[in-house]
Amino acid sequence: MNQTSASVLCQARRIVVKVGSSLVTNEGRGLDEAAIEEWSRQIAALVRDGREVIMVSSGAIAEGMKRLGWTRRPKEIHELQAAAAVGQMGLAQMYETRLKAHGLGSAQVLLTHADLADRERYLNARSTLLTLLKLGVVPVINENDTVVNDEIKFGDNDTLGALVANLVEADALIILTDQKGLYTADPREEPTAKFVHEARAGDPALEAMAGGAGSSLGKGGMITKILAAKRAAGSGASSVIAWGREPDALVRLAQGESIGTLLVAQTAKTQARKQWMADHLQLRGAVVVDAGAAAKLQEEGKSLLPIGMTAVEGEFSRGEVIAVRDEQGQEIARGLANYASAEARLLCRKPSGDFEKLLGYTGEPEMVHRDNLVLTR
């Protein structure tokens, strides 16, 4: 392996933690306050250590079932949505109470896969989450099961955890489950099955090992966790699959202790993001910049500010990949636009102090932030 478990987790500054329904609700017997208290205590310790933590928590449907007196997970979509609506109230309240007891603010964020597929909504969600982290608030994320259909039928929060890791460019995804980690085969059926301490995320052999059913409460099994780790690795995040009731699991992982199964990402975080933009085949538009702005981009690695823009070409929306051209028409970079083309035309040659007057609101000071920009020349 290129990285050891110690280096991956010790160096992780931004961490997404995902916990499953069976852990949150103690196998469906209602919200497990002791478990949520324990995770909240550990998250507080990580935050004090300078880490940023996002919680992705299942449990709304299971808690709703308990509150409604249902013993079996319903199959009708409208009943699942009703259970989610009822259960989400208790889930959010529990996290808010326990995190507050440890001096942390919390925020409820409900997402659907559609939010992350649409680029503008993706950027809005990203901006919100990064702002919350900057404010020292712990976002508690769940899938918005109350308003979606196919996500309840086919989705799972392992996948959502990976998508959130990609969204905020996390360093690590920790998936807490009711199993110790990954074995080479189901240990309940194969006594000779060996525990997998470390492997390469995305290794096809892992998917063969992970075949098997999950718990009756959640939708996923070990296979969804392996696929989630593969997805998270695409943006450079390594993943750990560990038992959620392991004492001090989060703290010990952050200290570099080997717990559970580590699936190491093979792609550097920045490389993955830059490569995604560099490989973009369809560009809807471009901005032209003056020589000073071009030099700042190419020689100093600065963000692109509207004051350095001389023209806007094509029609594009916020969040789309656009080209950055010099005055000779040569593409020198490309990146994610913080403003749509119509807004960008108003901002050309304007300082950030004029944005509110021109647009009616104050947005980002950059047209393209340096983190979302890749040089092509």
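Within the range 131-157, the residues that satisfy the criterion of being modelled with pLDDT under 90, surrounded by 12 or more Cβ atoms within 10 Å (Cβ to Cβ) and part of a helix (DSSP H, G or I) are E151, I152, N157.
Restricting attention to the range 64-91, report how many residues are assigned to a helix (DSSP H, G or I) and either aromatic (F, W, Y) or under 24 Å from the mean Cα position of the chain (by Cα) (or both).
Of the residues in the range 64-91, 8 are assigned to a helix (DSSP H, G or I) and either aromatic (F, W, Y) or under 24 Å from the mean Cα position of the chain (by Cα) (or both).
Among the residues of the range 307-336, those that are assigned to a loop (DSSP other than H, G, I, E, B), touching a residue at least 40 places away in the same chain (Cβ under 8 Å) and within 32 Å of the chain's Cα centre (by Cα) comprise S317, R318, G319, E320. In this structure, is A242 modelled with pLDDT of 90 or more, assigned to a helix (DSSP H, G or I) and either within 30 Å of N372 (Cα to Cα) or open to solvent by less than 70 Å² (accessible area, probe 1.4 Å) (or both)? Taking the combined requirement at face value, the residue does not satisfy it.
State yes or no: is S235 of a type in the set (G, A, S), at pLDDT below 90 and open to solvent by 50 Å² or more (accessible area, probe 1.4 Å)? Spell out the reasoning first.
Working: of a type in the set (G, A, S): yes; at pLDDT below 90: yes; open to solvent by 50 Å² or more (accessible area, probe 1.4 Å): no.
It is false that S235 is of a type in the set (G, A, S), at pLDDT below 90 and open to solvent by 50 Å² or more (accessible area, probe 1.4 Å).
Output the number of the condition that L253 fails; it satisfies all remaining conditions of (1) assigned to a helix (DSSP H, G or I); (2) touching a Leu at 6+ places or on another chain (Cβ under 7 Å); (3) free of Cβ contacts under 8 Å to residues at least 40 places away in the same chain; (4) crowded, with 17+ Cβ neighbours inside 10 Å. Looking at each condition in turn, L253 falls short on (3). Selection of the range 340-377 for residues being at pLDDT 95 or above, charged (D, E, K, R) and within 26 Å of L281 (Cα to Cα) yields E343, R345, E366. Taking the conditions (1) out of contact with any Lys or Arg (no Cβ under 9 Å at 6 or more places or on another chain); (2) over 28 Å from A233 (Cβ atoms); (3) buried (at least 18 other Cβ atoms within 10 Å of the Cβ); (4) in contact (Cβ under 8 Å) with a residue 60 or more places away in the chain in turn, A60 satisfies each one other than (2).
From the list V8, V109, the lone residue that is within 24 Å of A237 (Cβ to Cβ), modelled with pLDDT under 90 and touching a strand residue (DSSP E or B) at 6+ places or on another chain (Cβ under 6 Å) is V8. Under the condition of being farther than 27 Å from D115 by Cβ and surrounded by fewer than 18 Cβ atoms within 10 Å (Cβ to Cβ), the residues counted in the range 314-330 number 4.
The values are calculated or read from the model by the stated rules, or taken from the named source; none is laboratory data. Note that the coordinates shown come from a computational prediction; the quantities given were computed from them, not determined experimentally. Positions of Cβ are backbone-derived with ideal geometry, glycine not excepted, and every protein chain shown enters the neighbour counts. These area figures cover heavy atoms from the full protein model, side chains too; ligands, DNA and RNA do not enter into them. Shrake-Rupley method; radii C 1.70, N 1.55, O 1.52, S 1.80 Å.
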